[in-house]
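Heads up: the structure comes next, in structure tokens.
The values are calculated or read from the model by the stated rules, or taken from the named source; none is laboratory data. Since the model is a prediction, treat every value here as computed from it, not as a measurement. Here Cβ is always computed from backbone atoms with ideal geometry, including for glycine, and neighbour counts include all displayed protein chains. We work out accessible area using only protein heavy atoms, side chains counted, and drop any ligands, DNA or RNA first. Shrake-Rupley method; radii C 1.70, N 1.55, O 1.52, S 1.80 Å.
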Amino acid sequence: QVQLVESGGGLVQPGESLRLSCAASGFSFSIYLMSWYRQAPGKERELVARISISGSTNYADSVKGRFTISRDNHKNMVYLEMNGVKPEDTAVYYCNTKQNNINYWGQGTQVTVSS
């Protein structure tokens, strides 16, 4: 079955960097678009970044130029490099794949940006 396991979250200060990782298993990773979403307290879950099977990327305007999504099809991993983090980046970050109109999510990893 599809499994997504996020890691790498934590407490960081504004302006610092963090790298999130997502380990995928149970499906043919290389043929699916992968995404990172986030959900802040009291807010709806929102798309942060996505990467296609060819490696093309899209970003939310709020993170463009600061975050970078990447994938390693040999390791079945997707990453989110977060640079210049801001307090408004505080959220639970989720890895996502959508297959046959079904969304699959990991358990999430908490990122807190605070001085």
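When I53 is tested against the conditions (1) out of contact with any Leu (no Cβ under 9 Å at 6 or more places or on another chain); (2) free of Cβ contacts under 8 Å to residues at least 40 places away in the same chain; (3) open to solvent by 70 Å² or more (accessible area, probe 1.4 Å), the lone failure is (1).
Quick check on region 10-25. Is at least one of its residues without any contact (Cβ under 8 Å) to a residue 60 or more places away in the chain and on the phi > 0 side of the Ramachandran plot?
We begin by selecting, within region 10-25, every residue without any contact (Cβ under 8 Å) to a residue 60 or more places away in the chain; these are 21, 23, 25.
Filter again for on the phi > 0 side of the Ramachandran plot, leaving none.
Within region 10-25, none of the residues are without any contact (Cβ under 8 Å) to a residue 60 or more places away in the chain and on the phi > 0 side of the Ramachandran plot.
Scanning region 45-61 for residues that are hydrophobic (A, V, I, L, M, F, W, C) and either at pLDDT below 95 or not in a strand (DSSP E or B) (or both) turns up I53, A60. Residues that are open to solvent by 70 Å² or more (accessible area, probe 1.4 Å), closer than 19 Å to N76 by Cα and part of a loop (DSSP other than H, G, I, E, B) within region 88-115 comprise just one, Q107. Selection over region 4-44 of residues that are of a type outside the set (K, R), open to solvent by 30 Å² or more (accessible area, probe 1.4 Å) and touching a Phe, Trp or Tyr at 6+ places or on another chain (Cβ under 8 Å) gives a count of 3. Taken over region 59-75, the criterion of being surrounded by 15 or more Cβ atoms within 10 Å (Cβ to Cβ) and closer than 20 Å to A40 by Cα is satisfied by Y59, A60, V63, R66, F67, T68, I69. Selection over region 76-87 of residues that are touching a Pro at 6+ places or on another chain (Cβ under 7 Å), open to solvent by 10 Å² or more (accessible area, probe 1.4 Å) and assigned to a loop (DSSP other than H, G, I, E, B) gives a count of 1.
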